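Reviewing the structure listed below.
The values are calculated or read from the model by the stated rules, or taken from the named source; none is laboratory data. Please read all numbers here as calculations on a predicted model, not as lab measurements. For neighbour counting, all protein chains shown are included, and Cβ atoms are generated from backbone atoms with ideal geometry for every residue, glycine included. In case anyone asks, the SASA skips ligands and DNA or RNA and just uses the protein heavy atoms, side chains included. Shrake-Rupley method; radii C 1.70, N 1.55, O 1.52, S 1.80 Å.
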Amino acid sequence: MITPTHHLQLPDADLLYVEHFIDQQQATQLFTHLANPHHIKWRQDTITLFGKPVLTPRLSAWYGIQGAVYTYSGLTLHPHPLTPTLLNIKQQIEQFAPHTQFNSVLLNFYRNGADSMGWHADDEPELGKNPVIASVNLGATRRFLLRHTKNKHIKHEIALHHGSLLLMQGTTQHYWQHAIPKTAKPTNARINLTFRYILPIKNK
């Protein structure tokens, strides 16, 4: 059952939040399925941060159509084929937002409160001018922080709950960065799936 969307009123942003996009029982089943390394090829990558190689403070996996190559932080990801489970989630989002389409998904596994995501925007060239990012959240609730890139005093915070969907659209990635901070509080694991559309590689 899908509850009505919440339009977040932020300058230069187009954000929709659906707290119960996936019902709790299905969300729990999805979390258990995706957490299994037999179903998702989880890995811990080394990225370049401020010119130095560091291990990412989380596990991740990249799935998509053939040719959906994604590069960020000095890391180039080649996709595993989309699984039936990932295709099903993708189709649910596309039915909810019929004017969007996705061909890839980045999965992040936050094993506990020490795992995190630093400040960034999803603004890589292969995502196009105004990318639509559909973020599905499973497991523990984590704080999702937002800050305006032109005025860092403009901030916002969302609690991303089990089974929720956050759609980031329009010029959001141009004017806002987002992050998942570490927390010292006892926290269970969380899986986040960010569906996106990777532009096809043009032959030179």
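Details
- Heavy-atom surface of region 36-109, accessible at 1.4 Å and reported per residue (Å²): 54 Å²
- Between region 123-192 and region 20-69, the alpha-carbon center distance in angstrom: 15 Å
- Per-residue surface analysis assigns His80 an accessible area of about 60 Å², computed on protein heavy atoms at 1.4 Å probe radius.
- Charges were assigned to the Cβ only: +1 to each Lys and Arg, -1 to each Asp and Glu. The resulting dipole of region 59-204 about its Cα centre is roughly 360 debye.
- Anisotropy class of region 1-95 from Cα gyration tensor, a/c 1.5 cut: oblate
- When peptides 86-93, 111-118 are ranked by their average number of other Cβ atoms within 10 Å per residue, the highest-first order is 86-93, 111-118.
- Efficiency of FRET between Ile65 and Gln44 - r from beta-carbon atoms, R0 30 angstrom, step 0.05: 0.75
- Of the solvent-accessible surface of region 36-196, computed with a 1.4 Å probe and all protein chains present, 55% belongs to carbon and sulfur.
- Whole-number percent relative contact order across the chain, with pairs defined as alpha carbons under 8 Å at least 6 apart: 27 percent
- For semi-axes √(5λ) of the Cα gyration tensor in Å, the value computed from the atomic coordinates appears in the list [x] 28, 19, 16; [y] 32, 22, 16; [z] 21, 21, 20 under label [z].
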